[in-house]
Structures are given as structure tokens and as C-alpha cells.
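Chemist: Mind looking over this structure? Questions follow.
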Amino acid sequence: MTISHVLVSVTGPDGPGITARLTGLVAAGDAQLLDIEQVVVQGHLTLALLIAIPEEKSVLKELLFAAKELGVELDFEPVEAPSAKGDADVVRWVINVIAPQLGARALHEVATVVAEHGGNIEKIARLSEGYAMTSVEVQIGLPRGSDDGALRQSLLQLGSRGSFDVALQREGLFRRSKRLVVMDMDSTLIRIEVIDELARAHGVEREVAAITERAMAGEMDYDESLRQRLALLRGLDVRVLERIAEELPLTDGAELLIRVLRRLGYKTAVISGGFTVAADALKRRLGIDYAYSNRLEIEGGKLTGRVIGPIVNGRRKAELLEVIAQAEGVLLDQVIAVGDGANDLLMLEKAGLGIAFRAKQKLREAADSAISTSGLEAILHLLGLRASEVAEVARDRGDST
């Protein structure tokens, strides 16, 4: 028996029963449905069906009659039988493009970069709602053996030059099964650097800033820079730190991000080179599961200028991420890490998805993805959540936050 493979394309005004009617005719005509894709854009339906039809069957004629009755256009063309080998030669990736307002230029630039690296766009899905397009998910296929690292760097460079954020993730089980989100605190989860606020309150802002600048220039390591800055804070009343901790200004989208993650069962953690008084206050305020940071020594209600225990530096951050993942029974591929500075680099490399948030250039270049134009809520789109789903969870105030 001869089998013909046909691609059927249906377009027109959407309405109930169209897909049911057409797939029913395929089934009744003893044809085999091999693939199907449907999308509705502003009430306009596009439906594609790949079917295998025995030569003696009149399925196409029945489909054409039905389409006319349903008020839609139906076209078809013979195609070659699908090849399993061709699919095995392709590795699939997902690109998230996010901005306050996405337009044709941003998608053109992303599509051009994909083509330049030998990739093929297979599917584009909009994650935002309403007329403002703010988030899309682009699924691409790359020939097996392609340099995905080069594609990632090109996309990140594109995002840094433009007005949108971009992320590249391998499509697969782990992309959709993240379970732990670990975040830096200062200039990531909150908008300030706590040590700078303490220095300002103690009248040593300029001296602390000079040490920070030397550390950023590579003239001293993080541990030494922290010790020198803390020494300048000796004698500061601990009540100043407590006041700052209770009034921490959250980064845009931080509260929404944590609330949605909690309602969906994710574990959350703060791992910070900042201070426990602030990190613990943030943990209580947002309902975060874990908080690790530097513990300041206090005597007589005043800071001594020293740290108790090991300093939470870049290496310690990566170690703590792994400790939390093991405690929760979570694979590292299921962890997201978010940070803004060089001190977060090892932590981001350890996680399955490392996100540079409004970060220094060095971290942006090393991260899997970068967020600069959006708030922290953009991370929810990297998890594949649509804006309507985020809003639904955000409206549910059944948690304790």
C-alpha cells in the first residue's frame, strides 16, 4: 500500500471545534497524524498537521469541504517522509528575549545571530500578555557539535548593546525542573551595598570606597579588602546596622519573584558577602529558606571591625550553594544562581543556570544569561512561565509572606 505524506496548513478566524472536526476526519479516513502545531495570534488561527494518507483514501477532499464549512482556508502540499536520523543530528536550545517593549528589530537581531551560527528557528512563543510584547521564547536547533558557547557570547553581546535581555538554555528536562534559586544580596536582591551605607553613617565613606576601588582594580583580594573596610567601621553602633537592615530597599521584582517561587515549591537562598543582620532580616521579610553571610563581631553594642568565622568570599559562595543543593536533594543542574559581581562568578559557574543581574562586564561574559533592562521577575520567564501564570500565582496570597 502506497502512503503519501502531506502537510496540511489551516488559517483563518479561530473558533471552537475546528481542531476537533479536522482531526476527526483524519482519524475517520484511516490517515496517520504524525505531527501537529497550533497557535492563535489575536484571534487568528494557524494550524499545521503532518499526515500520512493511504493512496486510496479521500481524506484531503473531506478536509477541504470541512474547512469551507468552518470558514477557514486550507492548503496542503506533499512532503518527504520525516527522518528520525535528521532529528538526532540536531541539539535543541531555547533563547529567552525579554524587554519592557520588544519589537521587530530585537527579534531580527537575535534571529540573525542564530543564523550566523548555523542555527534554525523552529518555534517562537510569546510569554507576555496584552498588546505589549515583553517576553518571547525562541526554540532553535543547532547541528550537533556546533559551538554553543560562541552562540551564547554573541547573544549576550547583542543584549548588552541593545535594550533587551537574553538567555540561552539547553532544551530538556533540567530546563523545566529547576528547584533551587540562590541569590546574592547587595545590588542584586536589594538595591544598595550595606557596607557603603554603614561607611556613610560612620563618616568613612570615602576611605571605604577607595579600598573597594583598589580591590576592583585587582590590587588586593576580596578577603583583604573586606578586612580593611571593616576595620574602618570599628566603633559603629550596632543599632545603625539594625536600622539599615529593617529598611532594605528591594530590587524591582524581588518580592514577586520570591512569592511566586515559594508558591510553586522552589527553595530559595541568599548567599552574600554582606552581613548576617541584613541577610537574616531579608530572610524573615521575604520568607527565604536559607541565608548565609558574614557575621560581624559585636562588643558592647558596637562593631569591632572584625568578622567571626570564615569570610563568605567567591569560593565560599560556591561551596555553600553545593551544601544547600545536597541538603535539599537537588542536582546542580536544577539550581539557578543570580549575582552581580566578580565575587559571584564561581557560584554562577557551579549552578545549572547562572544569571548575571545588572552585572559588571566580566561576570556578564562568563554567565549563561544576563538581565539588565528588566527586574528580577524576568527570571520567572526563564523558567518558562507566562505572564498570565505569574499573575495567577501572584494573586494567590495563601502563603505567609
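Chemist: Once amide H atoms are built 1.01 Å from N in the peptide plane, which residues 5 or more positions from Y292, or in another chain, come under 5 Å H to H?
Modeler: V270, I271, S272
Chemist: Moving on. Give a residue-ordered list of calculated ³J(HN,Hα) values for the stretch 372-378 (Karplus: 6.51 cos²θ - 1.76 cosθ + 1.60, θ = phi - 60°; whole Hz; x for Gly, Pro).
Modeler: 10, 8, 10, x, 5, 5, 4
Chemist: Okay, moving on. Explain nothing, just the number: relative contact order of the stretch 85-171, from Cα pairs under 8 Å at least 6 residues apart, as a whole percent. Mind dumping the intermediate values first?
Modeler: Details: 140 pairs, mean separation 38.5, N = 87.
Relative contact order, the stretch 85-171: 44 percent.
Chemist: Put +1 on the Cβ of each Lys and Arg and -1 on the Cβ of each Asp and Glu in the stretch 153-258; which of V182, A167, V240 then has its Cα farthest toward the positive end of the dipole?
Modeler: Final value for the positive-end residue is A167.
Chemist: With θ taken as phi - 60° and the coefficients 6.51, -1.76 and 1.60, list the Karplus ³J(HN,Hα) couplings across the stretch 261-275 in order, rounded to whole Hz; mark glycine and proline as x.
Modeler: Running phi through 6.51 cos²θ - 1.76 cosθ + 1.60 with θ = phi - 60° gives 4, 5, 5, 8, x, 6, 8, 10, 8, 10, 10, 10, x, x, 10 Hz.
Chemist: Which angle between 0 and 90 degrees, to the nearest 10, do you get for helix 148-161 versus the longest principal axis of the chain when only C-alpha atoms count?
Modeler: Between the helix axis and the principal axis of the chain, the angle is about 70 degrees.
Chemist: Right, here's the next one. Using only helices, what value at 222 nm comes out for the chain when you add -39,500 (n - 2.57) per DSSP H run of length 4 or more and divide by the total residues, to the nearest 500 deg cm²/dmol?
Modeler: Details: 16 runs with 157 residues, N = 401.
Calculated mean residue ellipticity at 222 nm is -11500 deg cm²/dmol.
Chemist: Could you state the per residue volume, in Å³, of the convex hull enclosing the Cα atoms of the stretch 85-171?
Modeler: Values: hull volume 7.1 nm³, N = 87.
Cα convex hull per residue, to the nearest whole number: 82 Å³.
Chemist: Local charge sum around L303 (other residues, Cβ-Cβ under 14 Å, Lys/Arg +1, Asp/Glu -1)?
Modeler: Details: positive: R227, R229, R234, R239, R243, R295, K302, R306; negative: E197, D237, E242, E297, E299.
Combined, the nearby Lys, Arg, Asp and Glu give +3.
Chemist: Something else: Which residue fluctuates the most in the chain, going by a Gaussian network model with Cα springs under 10 Å, if the choices are A245, A48, A367?
Modeler: Result: A48 has the largest fluctuation of those listed.
Chemist: Please give the charge dipole size of the chain, origin at the Cα centre, charges +1 on K and R Cβ atoms and -1 on D and E Cβ atoms. Round to the nearest 20 debye. Working shown, then result.
Modeler: Values: 47 positive and 59 negative charges, 224 e Å.
Result for the chain is approximately 1080 debye, rounded to the nearest 20.
Chemist: Now, a different point. Taking DSSP loops as anything outside H, G, I, E and B, show the longest stretch in the chain free of GluC sites (Glu not before Pro) there with at most 13 other beta carbons within 10 Å. Before the final figure, lay out each step's value.
Modeler: Details: sites that count: E55, E56, E80, E219, E247.
Answer - 248-401.
Chemist: Per residue of the stretch 341-358, in order, report the coupling 6.51 cos²θ - 1.76 cosθ + 1.60 (Karplus, θ = phi - 60°) as ³J(HN,Hα) in whole Hz, putting x for Gly and Pro.
Modeler: Result, ordered by residue: x, 4, 5, 9, 4, 5, 5, 5, 5, 6, 7, x, 9, x, 10, 8, 9, 6 Hz.
Chemist: For each of M220, M183, count neighbouring Cβ atoms within 10 Å of the residue's Cβ, then give the residues from fewest to most.
Modeler: Values: M220 15, M183 28.
Ordered from fewest to most neighbouring Cβ atoms within 10 Å, M220, M183 come out as M220, M183.
Chemist: Between beta-carbons, use under 15 Å as the cut-off and find the net charge around T373, counting Lys and Arg +1, Asp and Glu -1. List each step's numbers first, then the result.
Modeler: Details: positive: R105, R161, R358, R364; negative: E109, D165, D252, D340, E377.
Value of the local net charge: -1.
Chemist: Looking at the chain as a GNM with Cα springs under 10 Å, which of R214, R179, R263 has the largest mean-square fluctuation?
Modeler: Looking only at R214, R179, R263, the largest GNM fluctuation is found for R214.
Chemist: What residue among G17, G118, G29 has the largest mean-square fluctuation in a Gaussian network model of the chain, using Cα springs under 10 Å?
Modeler: G17
Chemist: With a cut-off of 8 Å between alpha carbons and a minimum separation of six or more residues, what is the relative contact order of the chain in percent? Kindly include the intermediate steps, with their values, before the conclusion.
Modeler: Values: 741 pairs, mean separation 59.8, N = 401.
Taking the mean separation of contacting Cα pairs over the length of the chain, I get 15 percent.
Chemist: Still on this structure: Taking the Cβ of D344 as the centre, find all other residues whose Cβ is under 9 Å away and add up their charges (Lys, Arg: +1; Asp, Glu: -1). Don't jump to the answer; show the numbers that get you there.
Modeler: On the way: positive: K317; negative: D184, D340.
Residues near D344 contribute -1 overall.
Only the coordinates and a few stated rules stand behind these numbers; no lab work does. Given the structure is predicted, the values throughout are model-derived calculations rather than measurements. For neighbour counting, all protein chains shown are included, and Cβ atoms are generated from backbone atoms with ideal geometry for every residue, glycine included.
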